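Colleague: Encoded as structure tokens, here's the structure I'll be asking about.
The values are calculated or read from the model by the stated rules, or taken from the named source; none is laboratory data. Everything numeric in this text was worked out from a predicted model, so none of it was measured. With ideal geometry, Cβ positions are generated from the backbone for all residues, glycine too; neighbour counts draw on all protein chains shown. Side chains included, ligands, DNA and RNA excluded: accessible areas come from the protein's heavy atoms. Shrake-Rupley method; radii C 1.70, N 1.55, O 1.52, S 1.80 Å.
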Amino acid sequence: PLKLDQVCPAFKSYVSPEMIAFINRCTAEKNADKYQSAAAALEGWNVAFEKQTAFVAERKTGPMKIGLVSCSRRKVASDRPMPARELYSASPDFQRWLRWSEKHCDETFIISGKYGLVETGQYLPNYNVDLRHYQTEGQEAWARFIVHAMLNQGVSSSCEVHICADSLYRSLLQ
């Protein structure tokens, strides 16, 4: 059984004893679907903590550079989920922005109209959502969601953020 002391110290405040009990109950019941989703969330927190710790350890002097690369309407045709960097690779703009960001930034994320802040290796299904179809309130809520997700990833106000995106995405995030 999982114990609270196995959770990264920085995330203990996010993990309740109830969640630990839920994971252990799902394990005992052999409820793989529920267990995997709860364990994946816990693992995500641990990974985020480790990344943040690594950033601090490796960081050069000066602000950390974060690249935000816009997703694209043009996607690779596939009926299976694939890493985000591959899904959007049908777009020349996306490829150019991603290359620039990975060359000049310490960390690169993709900003998706549907999924928000996405790691480049995160698996996504093919979808068709365009931020331009959101009403103003929805676009503003999306931008707040992106900022909140960045804070959860350890991106602080001292970071230098580079937005590689079209004018709509840039205007919403600046």
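Colleague: Looking for something surrounded by 15 or more Cβ atoms within 10 Å (Cβ to Cβ) and either farther than 23 Å from HIS148 by Cβ or touching an Asp or Glu at 6+ places or on another chain (Cβ under 9 Å) (or both) - is there at least one such residue anywhere in region 120-128?
Modeller: There is at least one residue in region 120-128 that is surrounded by 15 or more Cβ atoms within 10 Å (Cβ to Cβ) and either farther than 23 Å from HIS148 by Cβ or touching an Asp or Glu at 6+ places or on another chain (Cβ under 9 Å) (or both).
Colleague: Consider region 101-114. How many of its residues are within 13 Å of SER72 (Cα to Cα) and open to solvent by 30 Å² or more (accessible area, probe 1.4 Å)?
Modeller: Going through region 101-114 one residue at a time, the tally reaches 1.
Colleague: While we're looking at this one, here's another question. For LEU151, all conditions in the list (1) without any contact (Cβ under 8 Å) to a residue 40 or more places away in the chain; (2) under 18 Å from ASP166 (Cα atoms); (3) not charged (D, E, K, R) hold save one; what is the number of the exception?
Modeller: So LEU151 meets the others, but not (2).
Colleague: Turning to a different aspect of this structure: Test of understanding: among LEU87, LEU98, LEU68, LEU117, which residue is modelled with pLDDT of 90 or more, under 30 Å from TYR134 (Cβ atoms), aliphatic (A, V, I, L, M) and open to solvent by 20 Å² or more (accessible area, probe 1.4 Å)?
Modeller: After ruling out the rest, the residue left standing is LEU117.
Colleague: Considering only helices (runs of 4 or more DSSP H) fully contained in region 75-173, which possess at least 1 residues that are among the charged types (D, E, K, R), under 22 Å from PRO63 (Cα atoms) and in contact with a strand residue (DSSP E or B) (Cβ under 6 Å, 6 or more places away or on another chain)?
Modeller: The helices (runs of 4 or more DSSP H) meeting that bar are 92-104, 167-173.
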